[in-house]
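Asks: First the structure, then my questions, so here it is.
The values are calculated or read from the model by the stated rules, or taken from the named source; none is laboratory data. Not measured: the values here are computed from a predicted model. Virtual Cβ from ideal backbone geometry, glycine too; neighbours counted across all protein chains shown. Just so you know, the surface numbers come from the protein's heavy atoms only, side chains and all, with ligands and any DNA or RNA stripped out. Shrake-Rupley method; radii C 1.70, N 1.55, O 1.52, S 1.80 Å.
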Amino acid sequence: MSQQTAQSVSPSALELDSYRELQAKQQPPWSNLAFVQEIATELAAQPPLVFAGEVDRLRERLASAARGEAFLLQGGDCAETFEAATADKIRDRVKTLLQMAVVLTYGASMPVIKVGRMAGQFAKPRSSETETRDGITLPAYRGDIVNGYDFTPESRAADPSRMLRGYHVSSSTLNLIRAFTQGGFADLRQVHAWNQGFISNTANQRYETLAAEIDRALRFMEACGVESAALNQTEFYVSHEALLLDYERPLARIDSRTGAPYGTSGHMLWIGERTREIDGAHVELLSKLRNPIGVKLGPTATVDDAMRLVEKLDPEREPGRLTFITRMGAEKIRDVLPPLLAGVRDAGATPLWVTDPMHGNGITTANGYKTRRFDDVMNELLGFFEAHREVGTFPGGVHIELTGDDVTECLGGSENIEEATLATRYESLCDPRLNHMQSLELAFLVAEELKKRGQ
Ligand code: PEP
Ligand code: MN
């Protein structure tokens, strides 16, 4: 393959191609494979987006979460778009995650690891290959890194050059994230001041009490003279579903220092519910990379499925290597999660367990909107904590689809978004996201829960 440059003829690099023999689900129907190869070669020549040292540090952070000493907050769009990768929108998403993190840190009394679904969350698995509107059938939209959302044959054709654009948009997104989180924007006192703005908007007594406690804690820290980079800067990592293998493979690199292969498209990569077959291409490729790996587990996942994934992705049982992101649905979680947690624990594995309370709770309204109820999301979250309490395992984090914008995509919350309101500002091209306010409310409610557990 021409993408194998001098550095990648080492045995490890050749091993990285083993996935090519296996079935890869959810890949685009490319029409010009020579062009795909040309783009892959070009991607392989680009600098890495993330670095081995950062990836290793995140693995250590996640290891502490798996031990019950930290909590993971992972969130962002269902599908990022090229058009929405603007400074304002990126800032507002980062801001939302920082605001949530402060509240959760206080609630959990432990460090919160911040990981965006950002700078690469472009490829989407679809339940159908095609979409039909008014009798016209076209290929399904697979995310901006594959094709366009507009419903025309030109736009829906899979275009390999979008992978290169995806790389560049990820690069500029990451650049801005690094600037925001290192350059003073993330100052704890400022983030808290934003939260106070949120409280005065909701006028909810419940949140006021917690915010007042955080306020006192911050004043105390200031009075003690805590004035370091610890207040002013923060670690922030990026993650996405490693779905599009023609993008992920050229960005997999051999670290010059250690000779180990890393996925350099994002710090943490995850495998979705639809592509987690044990003998599939996705599990194979990610099994070769040193990054922390997430795997989504839906309600049909068995202990056996989970343990095969452990064997394949984390044979050494390395702390922080493997995260199971469960997405069971509010109705099912209390039945299906406890036996899964107990079975995996009894088999000797200690993955990080995180809840995705979004993907098991989708509904379609009578007026045709794909949405989720805030109450169902909260219910699954509470079920997650209950399940861990019952089994004695650690609820290590949350994985949320959210935006910093005031969209109207999910029902409920204290603004009480109703079905009729969804049309006002529904912008997601895929799944509905919690808006800025709903995200903060969720953080306050989870913080209350964490605080209860700590008492
Ligand atoms: C997603 O995270 O957007 C997604 C498609 O999730 P899942 O693989 O859990 O369905
Ligand atoms: Mn989604």
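Asks: May I ask for the Kirkwood hydrodynamic radius of segment 250-348, worked out over all distinct Cα pairs and given in angstroms to one decimal?
Replies: Answer for segment 250-348: a Kirkwood hydrodynamic radius of 14.3 Å.
Asks: Output the Cα-based Rg and Dmax of segment 34-124 in Å, rounding Rg to one decimal and Dmax to a whole number.
Replies: 16.5, 53
Asks: Further question: Note down the nm distance, to one decimal, between modelled labels 7 Å out along Cα→Cβ at Tyr426 and at Glu222.
Replies: Computed distance between label sites Tyr426 and Glu222 equals 4.4 nm.
Asks: Leaving out ligands and nucleic acids, and using a 1.4 Å probe, what accessible area per residue does the chain come to in Å²?
Replies: Accessible area per residue: 40 Å².
Asks: Oh, and also: At a 1.4 Å probe radius, carbon and sulfur cover how many percent of the accessible area of the chain?
Replies: Within the chain, the accessible surface is 49 percent carbon and sulfur.
Asks: Still on this structure, please answer the following. Can you give the Rg to Rh ratio of the chain, both from alpha-carbon atoms, with Rh computed by the Kirkwood formula? Write down the numbers at each step before the final one.
Replies: Values: Rg = 21.4 Å, Rh = 22.5 Å.
With Rg and the Kirkwood Rh in hand, the quotient comes to 0.95.
Asks: Can I ask one more? If I measure Cβ to Cβ between cysteines in the chain, which ones have no partner under 4.7 Å?
Replies: Isolated Cys, the chain: Cys224, Cys410.
Asks: Considering every pair of different Cα atoms, what Kirkwood radius, in Å, is found for segment 202-301?
Replies: 17.3
Asks: Hey, another quick one. Ranked highest first by the average count of other Cβ atoms within 10 Å around their residues, in what order do 344-355, 130-141 fall?
Replies: Values: 344-355: 20.2, 130-141: 12.1.
Going by the mean number of other Cβ atoms within 10 Å, highest first, we get 344-355, 130-141.
Asks: Reachable lysines from Lys288, Cα under 28 Å, same-chain residues fewer than 8 places away excluded?
Replies: Lys25, Lys114, Lys124, Lys296, Lys312
Asks: So who's got an amide H within less than 5 Å of the one on Tyr237, skipping anything under 5 residues away but keeping other chains? H placed 1.01 Å off N, in plane.
Replies: Excluding prolines and chain starts, which carry no amide H, the hits are Lys114, Val115, Gly116.
Asks: For the chain, list the DSSP H helices whose alpha carbon atoms reach 18 Å or more along the long axis and whose average Kyte-Doolittle value is 0.0 or above?
Replies: For the chain, where a helix must reach 18 Å along its axis and average at least 0.0, the hits are 87-108, 333-346.
Asks: Okay, moving on. For segment 299-455, report the convex hull volume of the alpha-carbon atoms normalised per residue, in Å³, without decimals. Let's see the in-between values first.
Replies: Numbers: hull volume 18.8 nm³, N = 157.
Output value, Cα hull per residue: 120 Å³.
Asks: Suppose accessible area is computed on protein heavy atoms with a 1.4 Å probe; arrange Thr258, Thr408 from highest to lowest.
Replies: Final ranking, largest accessible area leading: Thr258, Thr408.
Asks: Cβ under 11 Å from Arg425's Cβ, Arg425 left aside: what net charge do those residues give with Lys, Arg +1 and Asp, Glu -1?
Replies: Spelling it out: positives minus negatives among the neighbours equals -4.
Asks: Now a separate question. After finding the eigenvalues of the alpha carbon gyration tensor for segment 325-393, what semi-axes result from the square roots of 5 times each, listed largest first in whole Å?
Replies: Taking √(5λ) for each eigenvalue gives 27, 10, 9 Å, largest first.
Asks: List the residues whose amide H sits under 5 Å from the amide H of Leu297, counting only those 5 or more places along or on another chain, with H placed 1.01 Å from N in the peptide plane.
Replies: For Leu297, whose amide H was placed from the backbone, the distant partners under 5 Å are Ile325, Thr326, Arg327.
Asks: Normalise the Cα radius of gyration of segment 63-176 by 2.2 N^0.38 Å (N = residues in it) and let me know the number.
Replies: Working: Rg = 17.8 Å, N = 114, 2.2 N^0.38 = 13.3 Å.
Output field value: 1.34.
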